Amino acid sequence: MELAAEIAAFRAGVGDPARLVGEFRRAVLLVPRTGASMDGGGKLMSAVSGGIRWFYAFTDEGAMARFAEAREDAGREWPYLAVLGARLVDAVVPEVDGPAGVAVNVADPDGSMLFPPVAGIVPDECAVDVEAGAESAAGVV
């Protein structure tokens, strides 16, 4: 099942958390870049809310276009990277100074999902629910 379908199942109360996180990790996500030209440069687009840096990621160009429209910024080209969800949480999140997670399809009221900085989603050393030096149970939140 694709990520958007797993999100829908989870939001409907019939999804499985482990399957959702697994599909997130396998999904190729579109991550917009800020201040970037089409030839490179720029940072991954994110926002801070509640002390957490949330990287914006989208399951397809339509979801990213709805986000651009919601920001009233649809009149320009949006450079982006295609990145595996696993790469976002395993390689990008550890580089952030402070807690970070991934916000998927944030402009879709019935299709959005947050993947917070907790054990089972991000590496334990980046998880806010794991004490420094402690081992986590390999559970999914």
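The single condition among (1) in contact with a Cys (Cβ under 9 Å, 6 or more places away or on another chain); (2) free of Cβ contacts under 8 Å to residues at least 40 places away in the same chain that ALA70 does not satisfy is (1). Among the residues of the stretch 37-48, is any closer than 27 Å to ASP124 by Cβ and more than 14 Å from the chain's Cα centre (by Cα)? Yes, the stretch 37-48 contains a residue that is closer than 27 Å to ASP124 by Cβ and more than 14 Å from the chain's Cα centre (by Cα). Going by the conditions given, is GLY98 crowded, with 19+ Cβ neighbours inside 10 Å and either of a type in the set (A, V, I, L, M, F, W, C) or closer than 30 Å to VAL128 by Cα (or both)? When the stated conditions are applied, GLY98 does not pass them. Taking the stretch 99-111 as the range and being farther than 12 Å from THR59 by Cβ and at pLDDT below 95 as the test, the residues that pass are PRO109, ASP110.
Which ones in the stretch 19-43 are aliphatic (A, V, I, L, M) and modelled with pLDDT under 95?
Initially, the stretch 19-43 is screened for residues aliphatic (A, V, I, L, M), giving 20-21, 27-31, 36, 38.
Answer for the stretch 19-43, where residues must be aliphatic (A, V, I, L, M) and modelled with pLDDT under 95: ALA36, MET38.
Pairing residues of the stretch 42-53 that are more than 11 Å from PRO116 (Cα to Cα) with residues that are loosely packed, with under 11 Cβ neighbours inside 10 Å, at Cβ distances under 6 Å and at least 6 apart in sequence or on separate chains, gives GLY42/GLY35. Restricted to the stretch 1-71, the set of strands (runs of 3 or more DSSP E) holding at least 3 residues that are surrounded by 12 or more Cβ atoms within 10 Å (Cβ to Cβ) and not small (Gly, Ala, Ser) comprises 28-34, 52-57. Scanning the stretch 107-127 for residues that are in contact (Cβ under 8 Å) with a residue 40 or more places away in the chain and either surrounded by 19 or more Cβ atoms within 10 Å (Cβ to Cβ) or not polar (S, T, N, Q) (or both) yields ALA107, ASP108, ASP110, GLY111, MET113, LEU114, PHE115, PRO116, PRO117, GLY120, ILE121.
Of the numbered criteria (1) buried (at least 16 other Cβ atoms within 10 Å of the Cβ); (2) within 29 Å of ALA119 (Cα to Cα), the one PRO79 fails is (2).
The values are calculated or read from the model by the stated rules, or taken from the named source; none is laboratory data. The shown structure was predicted, so the numbers you read here are calculated from the model rather than taken from an experiment. When we count neighbours, we look across all protein chains shown, and the Cβ atoms used for this are built from the backbone with ideal geometry, even at glycine.
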